Amino acid sequence: MLNVAIRAARAAGAIINRAALDIEAVRVSQKQVNDFVTEVDHASEAAIIDTLLATYPSHGILAEESGQAHGSATADHIWIIDPLDGTTNFIHGFPVYCVSIALLVKDRIEQAVVYDPTRNDLFTATRGRGAFMNDRRIRVSKRTQLPQCLIATGFPYRQGDDFPTYLKMMGDVMQRTAGLRRPGAAALDLAYVAAGFSDGFFEAGLKAWDIAAGSLLVTEAGGLIGNFTGEAGDLNQAECLAANPRVYAQLAQLLGKYSRFQSAVRPSGEHRPPIVLKKNNAAVPGGAA
């Protein structure tokens, strides 16, 4: 199944790379303020779905652009797809975007592929078998002190987002770390945490297709992922914190007060390790370090 997902991701990447040669010719529409979709998103998604369902016609699909319109909605095997994560970057010619594909089997993420077509970097993970970048085993960083750490994030961009709170969060992190980065593609941000290129990542407002593949990459690389309090995550909870275990605990201490799940933190301030993800209230083990 991982090989089929890789084939699907590369097919989508080929479409994206061809379109990137002439960005001005790409048709762009707007789903909402600052939220764009292009014909490339749709073509990439169609290529992925066609590849997956040609081999596994009984599987289900959850895709960013078409939702659950394809495949079997009641299947035990659900492919979670983001055909072009970082669309805003793409339409500006800013070369930070990727294809993200994850396989959910009976409410557990079992396979993950994040493919960066501009660099031909392929990140993969299979539950219990580790995470890889271009067939090389990857691990989260070994840094333990926040002042030495490079942290990635994503800025709010939708109407109604809580900009003042996010500025406070960024201020707390910026003053205590070596740097804060905003690349603009959450799936790739998580892959970079898994590979140790950055030491942690946090963002609010993400969807299941943004984090599904990246979550398995992080945990299979020895990292932790959950919400801002450090508690077990949820594919649909719209909060994401990921890092190596030591940095994760420190970031949770900083960001927990901004979480809508703050009341779930133990009174002592202790944060339980986020060993599971959840989808529709069903536990999905995330492979704790």
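Before moving on, here are some points about what is shown:
- Candidates Thr165, Thr153: the one that is of a type in the set (Val, Ile, Thr), surrounded by fewer than 16 Cβ atoms within 10 Å (Cβ to Cβ) and outside the structural domain of Ile16 (by TED's automatic domain parsing) is Thr165.
- Whichever residue in the range 39-70 is part of a loop (DSSP other than H, G, I, E, B) and among the small types (Gly, Ala, Ser) and, among such residues, is surrounded by the most Cβ atoms within 10 Å (Cβ to Cβ): Ser66
- Residue match in the range 177-199 (condition: surrounded by fewer than 16 Cβ atoms within 10 Å (Cβ to Cβ), over 16 Å from Leu241 (Cβ atoms) and touching a helix residue (DSSP H, G or I) at 6+ places or on another chain (Cβ under 7 Å)): yes
- Residue within the range 95-117 that is at pLDDT below 95, loosely packed, with under 13 Cβ neighbours inside 10 Å and not assigned by TED's automatic domain parsing to the domain that holds Arg10 present: no
- Members of the range 108-126 that are in a loop (DSSP other than H, G, I, E, B) and within 17 Å of the chain's Cα centre (by Cα): Pro117
- Breaking point among (1) among the β-branched types (Val, Ile, Thr); (2) assigned by TED's automatic domain parsing to the domain that holds Ala8; (3) closer than 15 Å to Ser215 by Cβ, for Val140: (2)
- Residue count for the range 216-239 under the criterion of being in contact with a helix residue (DSSP H, G or I) (Cβ under 7 Å, 6 or more places away or on another chain) and at pLDDT 95 or above: the result is 6.
- Tallying residues that are surrounded by fewer than 16 Cβ atoms within 10 Å (Cβ to Cβ), more than 20 Å from the chain's Cα centre (by Cα) and of a type outside the set (D, E, K, R) within the range 130-150 yields 4.
- Condition met for Ala73 (touching a Gly at 6+ places or on another chain (Cβ under 8 Å), more than 30 Å from Arg182 (Cβ to Cβ) and either assigned by TED's automatic domain parsing to the domain that holds Leu122 or in a loop (DSSP other than H, G, I, E, B) (or both)): yes
- Tyr192 vs. criteria at pLDDT 95 or above and not β-branched (Val, Ile, Thr): yes
- Here the range 202-231 is the region considered, the condition is being in a loop (DSSP other than H, G, I, E, B) and hydrophobic (A, V, I, L, M, F, W, C), and the residue that is nearest to Pro156 (Cα to Cα) is Leu206.
The values are calculated or read from the model by the stated rules, or taken from the named source; none is laboratory data. Because the structure is a prediction, the values reported are computed rather than measured. FYI the Cβ positions are ideal-geometry reconstructions off the backbone, even for glycines, and counts take in every protein chain you see.
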